[in-house]
1. Nearest 5 percent is fine: what portion of the DSSP beta bridges confined to the chain is antiparallel?
2. Work out the length of the dipole vector of the chain about its Cα centre, built from +1 on the beta-carbon of each Lys and Arg and -1 on the beta-carbon of each Asp and Glu, and round it to the nearest 20 debye.
3. Hey, can you grab everything whose amide H is under 5 Å from the amide H of Asp130? Only 5+ residues off in sequence or another chain; H modelled, so Pro and N-termini drop out.
4. Quickly work out the Ala66-to-Ile3 label distance, labels modelled 7 Å from Cα along the C-beta direction, and quote it in nm with one decimal.
5. How far is the Cα center of the range 86-132 from the Cα center of the range 164-239, in Å?
6. Figure the gain on full extension for Leu200 and Lys45 (residue separation times 0.36 nm, minus the Cα-Cα span) and round it to one decimal in nm.
7. Arrange Tyr131, Tyr201 by Cβ neighbour counts within 10 Å, fewest through most, would you?
8. What is the magnitude of the charge dipole of the range 176-239 about its Cα centre, with +1 placed on the Cβ of each Lys and Arg, -1 on the Cβ of each Asp and Glu, and no other charges, expressed in debye to the nearest 20?
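Please treat every number below as a calculation from the coordinates, not as lab data. All figures in this text were calculated on a predicted structure; none of them were measured in a lab. We place every Cβ from the backbone using ideal geometry, glycine too, and count neighbours over all the protein chains shown.
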Amino acid sequence: MSIPKHVAIIMDGNGRWASGRGLPRAAGHRAGAKTTHDVVEAASKGGVETLTLFAFSSENWKRPGAEVRLLMDLLRRTIRKELAGLEANNVRMHFIGDRTRFSAALAREMAASEERTRSNTGLQLVIAVDYGGRWDIVRRSRELAQACRDGELDPESIDEHSFNTGLSLGRFSAPDLFIRTGGERRISNFLLWDMAYSELYFSDELWPDFGPDRLYEALDWYAGRDRRFGRVASPAAQR
Ligand code: IPE
Ligand code: IPE
Ligand code: MG
């Protein structure tokens, strides 16, 4: 069975999960954190090499201040709580996104978790926080433009490979499988460049209800895809 090397997930539906139970949205985010724990474990057991999770988008700052604070605080506490277990399971942590708006306490926690898991060789866990696909592309473009202005780079030498190298996921292979829970069929400014050839899987399950079994269903679905990358179908798939 073909296992995706890199899985990227939009973990959506926490708010609706809570509202459906007459609970505050905060309860949905807390339940979602529990699902995240289980899915990380399952991905690692299932042989996934890189797992990228969308935790907070560039646009999520538009939410009410109290919810933004709650999400930031939950993230900080979750990193604290999970770090020892992740470390023990050989998971390496990476954060991608614009780090300039975080509190000093959160920024510290993020840097410390990356530092402490730096030599781990198991699952590469990438958490996207204050991340946007457009932000990433603009940031990389600015970096290259500056290098050209400083005479360090010839614009003619810029190609897809060199452009990709400096993107947030440049050190990883592109996501093979994209999953979005919560029923919406949209990308919401997630990995715009990187998902050019990802297989897209949408689940109506709300994130707190999505667990290891649902993840394995998605991996099974992925195993049945014929990825052509613009070529003609393989003989097996044409039959
Ligand atoms: C996903 O759940 C978590 C974040 C975006 C941080 P939502 O909070 O978007 O939940 P819904 O989509 O409102 O149900
Ligand atoms: C995408 O979900 C962002 C995260 C899950 C972090 P949203 O709930 O913000 O997306 P929209 O607003 O439905 O497009
Ligand atoms: Mg949502």
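1. Roughly 0 percent of the DSSP beta bridges within the chain come out antiparallel.
2. In debye, rounded to 20, the chain gives about 640.
3. Phe56, Ser57
4. 4.4
5. 23
6. Stretched fully, the Leu200-Lys45 segment lengthens by 53.6 nm.
7. Tyr201, Tyr131
8. Here the size comes out at about 460 debye.
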